[in-house]
Amino acid sequence: MTLKLEDKKEIVAEVNKVASGAFSAVVANYRGLTVGQLTKLREKAREQQVYVRVVRNTLARRAVEGTSFACLNDDLVGPTIIGLSLSENDMGAAARLFKDFAKDNQKMEVTALALNGQRYDAKQIDVIASLPNREGALTMLASVLQAPVSKFGRLFTALKEKLEAAA
């Protein structure tokens with residue numbers, strides 16, 4: 001399908017707008033996936049606030065210029081699909097989505113990731129995919145803050161029991 005210049009400009013503008021507000025990006029090779037499989041990926045992406053788009057590589061390169069994802073330009077080769085995490089509360093959503101999808105669909109191959117202008121190899125997808133969402137991070141923080149207080153309380157309980165036993 002031939003795209004007109006106006007259509008190309010619209011695509012570049014749309015992807016650039018989304019990339020400017022995104023928190024992380026994942027680039028993958030989708031060769032060999034069926035339309036049904038890509039549709040399932042898009043459905044899961046909408047649920048997790050991940051922008052997924054198949055874009056021609058030259059248009060994608062232009063779209064990510066001036067964003068923190070310009071470091072992915074060299075990875076935009078072949079049939080690529082790009083995923084952008086839109087939720088500030090879950091910056092690793094795109095990486096987690098692509099990682100989980102690639103487990104079930106071996107033909108999908110993650111090629112690179114980016115977070116805060118830093119490019120990561122596909123082997124490091126676990127680093128970004130394991131980033132906790134906002135609720136998970138707050139839960140971990142609360143448990144870290146609660147641990148010394150609960151230990152202090154157990155110390156006083158043990159001291160009280162010891163004093164009662166001695167009396």
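The values are calculated or read from the model by the stated rules, or taken from the named source; none is laboratory data. Keep in mind it's a predicted model, so treat the numbers as computed, not measured. Note that we place each Cβ from the backbone using ideal geometry, even for glycine, and neighbour counts take in every protein chain shown.
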Residues in the stretch 120-138: is at least one touching a strand residue (DSSP E or B) at 6+ places or on another chain (Cβ under 8 Å), surrounded by 11 or more Cβ atoms within 10 Å (Cβ to Cβ) and at pLDDT 85 or above?
no
Looking only at the stretch 72-84, decide whether some residue is more than 18 Å from Gln118 (Cβ to Cβ), crowded, with 16+ Cβ neighbours inside 10 Å and aliphatic (A, V, I, L, M).
yes
Could you name every one of the helices (runs of 4 or more DSSP H) located completely within the stretch 16-133 that has at least 3 residues being of a type in the set (Val, Ile, Thr)?
125-129
Name the residue, out of Lys99, Lys103, that is loosely packed, with under 13 Cβ neighbours inside 10 Å, within 21 Å of Asp121 (Cα to Cα) and basic (Lys, Arg).
Lys103
Given the criteria assigned by TED's automatic domain parsing to the domain that holds Leu113 and in contact (Cβ under 8 Å) with a residue 40 or more places away in the chain, does Val55 qualify?
yes
Consider Arg154 carefully, then state whether it is modelled with pLDDT under 80 and of a type in the set (Lys, Arg).
no
